[in-house]
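The values are calculated or read from the model by the stated rules, or taken from the named source; none is laboratory data. Since this is a predicted model, take the numbers as computed values, not measurements. Glycine also receives a Cβ, built like all others from the backbone with ideal geometry; neighbour counts cover every protein chain displayed. To get the accessible areas, we keep the full protein, side chains included, count just its heavy atoms, and leave off ligands, DNA and RNA. Shrake-Rupley method; radii C 1.70, N 1.55, O 1.52, S 1.80 Å.
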Amino acid sequence: MDANEVNKVAGAILGMLTLAMGIGFLSSGLMAPKPPAKAGYELPDNSATASSAAAPAAAQAEPIATRLATADLAKGETAAKKCVSCHQFQKDGKNGQGPALWGIVNKAKGAAAGFNYSAGLKDMASKGGKWDYEALDAFLTNPKAYVAGTSMGFAGINRADERANIIFYLRSLAETPAALP
Ligand code: HEC
């Protein structure tokens with residue numbers, strides 16, 4: 001092999017290498033993996049399943065009328081301590097973060113004078129309706145589910161007997177407590 005031939009072979013190899021590099025460069029540009037718009041994996045949203053799982057449990061509770069018959073006033077007063085950071089219970093109580101609650105049983109919804117209710121509660125109140133035992137029971141189970149967009153920042157009370165005790169106590173906050181159902 002003379003110098004000329006060596007040069008030719010070297011040239012050919014160099015040429016091939018350049019070509020290979022060029023192709024690699026081009027294809028990496030064309031086929032570059034696109035980063036996903038959202039990091040991580042999509043997880044199945046099972047919130048619907050969770051709430052439909054909770055619903056039968058709530059539906060299984062005895063009706064509020066039955067639970068009120070065995071409700072405990074003292075336990076209700078104790079449990080209602082959960083409310084006092086936002087609500088006043090006494091007669092002539094003032095609105096705080098939440099409206100005053102004296103005489104709330106069977107009172108029209110959204111009717112505490114001077115309280116700025118959420119749009120959701122105003123909307124519900126505009127359709128009429130009062131805080132009867134069933135309404136209070138439903139609201140206290142899950143305030144946000146009962147009044148969409150409520151400003152009551154309270155998760156709710158899962159235990160049906162505890163709700164009955166509280167509602168029994170709320171009933172006592174009146175000159176003449178509402179008749180029991
Ligand atoms: C973190 C504050 C907060 C707590 C705790 C709280 N509430 Fe409320 N509550 C509110 C607010 C705010 C509203 C007004 C809701 C709206 O306008 O959507 C409200 C509204 C209400 C209403 C409707 C009153 C009306 O005039 O229509 C009732 C009944 C009620 N709460 C009962 C309770 C009871 C009973 C508890 C305790 C078990 C409780 N709340 C705990 C803030 C609270």
With every protein chain kept in place and a 1.4 Å probe, the residues 151, 118 fall, from largest accessible area down, as 151, 118
Total lysine pairs under 15 Å (Cα atoms) in the range 62-172, excluding pairs fewer than 8 apart on one chain: 9
Please report, in debye to the nearest 20, how large the charge dipole of the range 62-172 is about its Cα centre when each Lys and Arg carries +1 at its beta carbon and each Asp and Glu carries -1 there. 260 debye
Modelled label reach - residue 176, point 7 Å along Cα→Cβ, the range 91-119 residues with backbone N closer than 17 Å: 103-108
Working with all protein chains in place, sort 66, 150, 141 by solvent-accessible area computed with a 1.4 Å probe, largest first. 66, 141, 150
Positive-pole candidate from 115, 135, 177, dipole of the range 95-181, charges at beta carbon: 115
Would you check the accessible area of residue 16, probe 1.4 Å, heavy atoms only, in square angstrom rounded to 10? 130 Å²
